[in-house]
There are 2 protein chains.
Amino acid sequence: MIVRDENQLHGTERTVSNEQWTSVRMLLADDKMGFSFHITYIQTGSEHTFHYKNHFESVYCIRGKGTIEDLATGEVHEIKPGVMYALDKHDKHTVRCEEELVLACCFNPPVTGNEVHREDGSYAAADEVA
Amino acid sequence: MIVRDENQLHGTERTVSNEQWTSVRMLLADDKMGFSFHITYIQTGSEHTFHYKNHFESVYCIRGKGTIEDLATGEVHEIKPGVMYALDKHDKHTVRCEEELVLACCFNPPVTGNEVHREDGSYAAADEVA
């Protein structure tokens, strides 16, 4: 059994961040669960375009307020506590944050922890990272 | 892209519950994400022993207070907001709830939605359900 406390992981190597975005990696590929699990904070007023070509991701909103735009269709969905979106078609999307978002994110395949967002908004596949 | 609002799923076929436990299935096997994702409510004062012999599960505490006991070792861990436990060894465990727990749970392989907890605390494997 793995037990981790997010409160103790901020500021450690398990946290990835820039000025507009912080992600705490609670589970990564080497935990061998078959998925990774992250708590991600998105700063008020920021906008992010992602395109996970190599991963499925689900995102559940714990706190905050924003929107997600499906860039293929132009459709915009509200993000608020209780709303989940799942990128089952590797959907390219833009998240806009109105009040700091706290999000519970699952990735399949699991993120290794070494990925960075590339110019096209994707993470590399694990074998490309290796 | 799948978008679902938990607030609209309580009381629907996506919610499984008994007097001490409610689970809202945000994602199931047929969503083809490779994992399932559930928001689970555990009632104050209740105690639950589970043994997911056929699944890996991670559980992240959003709200509430309780403990998890690893029945193989007798070790007891506090559950509070920010704490995650992951049953990477299909660990048999007992959850005790002191204040209503709200938990974000990921299962691999994904739960189909037709499982019930068996006497031994497990869910059947998907092929046993089928």
Worksheet item: If you take the accessible area of A alone, add that of B alone, and subtract the area of the pair, what total do you get in Å², probe 1.4 Å, to the nearest 100?
Response: 3200 Å²
Practice prompt. Measure out, as a whole number of angstrom, how far apart the alpha-carbon centroids of the range B:62-130 and the range A:1-50 sit.
Written response: 21 Å
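Calculated from DSSP H runs of 4 or more alone, at -39500 (n - 2.57) each and per residue, what is the 222 nm mean residue ellipticity of chain A, nearest 500? If you can, show how the numbers build up before the last one.
Values: 1 runs with 4 residues, N = 130.
Value at 222 nm, helices only: -500 deg cm²/dmol.
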Discussion item. From the phi angles alone, apply the Karplus equation (6.51, -1.76, 1.60; θ = phi - 60°) to the range B:85-101 and give each ³J(HN,Hα) in whole Hz, x where the residue is Gly or Pro.
Written reply: 10, 10, 8, 7, 10, 6, 4, 6, 8, 10, 9, 10, 10, 9, 9, 2, 9
Worksheet, complete the sentence: Excluding ligands, DNA and RNA, the carbon-plus-sulfur percentage of the accessible area of the range B:23-114 with a 1.4 Å probe reads 45 percent
Worksheet item: Do you know which residues of the range B:1-28 lose at least 10 square angstrom of accessible area in the protein assembly compared with their chain on its own, with a 1.4 angstrom probe?
Response: B:MET1, B:ILE2, B:VAL3, B:ARG4, B:ASP5, B:GLU6, B:ASN7, B:MET26, B:LEU27
Worksheet entry | Using θ = phi - 60° and Karplus 6.51 cos²θ - 1.76 cosθ + 1.60, couplings along the range B:7-17 (whole Hz; Gly, Pro as x) | 4, 9, 9, 4, x, 9, 5, 7, 10, 10, 7
Practice prompt. May I ask you to evaluate 6.51 cos²θ - 1.76 cosθ + 1.60, the Karplus curve with θ = phi - 60°, for each residue of the range B:76-83 and list the ³J(HN,Hα) values in order in whole Hz, giving x for glycine and proline?
Written response: 10, 10, 6, 10, 8, x, x, 7
Worksheet item: Counting alpha carbon pairs within less than 8 Å and at least 6 residues apart, what relative contact order, in whole percent, applies to chain A?
Response: 29 percent
Fill in: Non-local Lys pairs in the protein assembly as shown, i.e. 8 or more apart or on different chains, that have alpha carbons under 13 Å apart
8
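What is the calculated FRET efficiency for A:ASN114 to B:GLU47, with r their C-beta to C-beta distance and R₀ = 35 Å, to the nearest 0.05?
Details: r = 40 Å, r/R0 = 1.16.
Approximately 0.30, to the nearest 0.05.
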Worksheet item: Which value, in debye to the nearest 20, describes the size of the charge dipole of chain A about its Cα centre when Lys and Arg Cβ atoms bear +1, Asp and Glu Cβ atoms bear -1, and nothing else is charged?
Response: 260 debye
Practice prompt. Mind checking the per residue accessible area of chain A for me, 1.4 Å probe, whole number of Å²?
Written response: 45 Å²
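Take A:ILE2, A:ILE39 and sort them by solvent-accessible surface of the protein heavy atoms, 1.4 Å probe, largest at the top.
Numbers: A:ILE2 25, A:ILE39 0 Å².
Correct descending sequence by accessible area is A:ILE2, A:ILE39.
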Item to complete: Compute the distance in nm between two label points, each set 7 Å from the Cα along the Cα-to-Cβ direction, one at B:ASN18 and one at A:LEU71.
Response: 4.7 nm
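The values are calculated or read from the model by the stated rules, or taken from the named source; none is laboratory data. All values derive from a computational prediction rather than experimental measurement. Cβ sites come from the backbone with ideal geometry, for glycine too, and all protein chains shown count toward neighbours. Side chains are part of the model used for accessible areas, which takes the heavy atoms of the whole protein and leaves out ligands, DNA and RNA. Shrake-Rupley method; radii C 1.70, N 1.55, O 1.52, S 1.80 Å.
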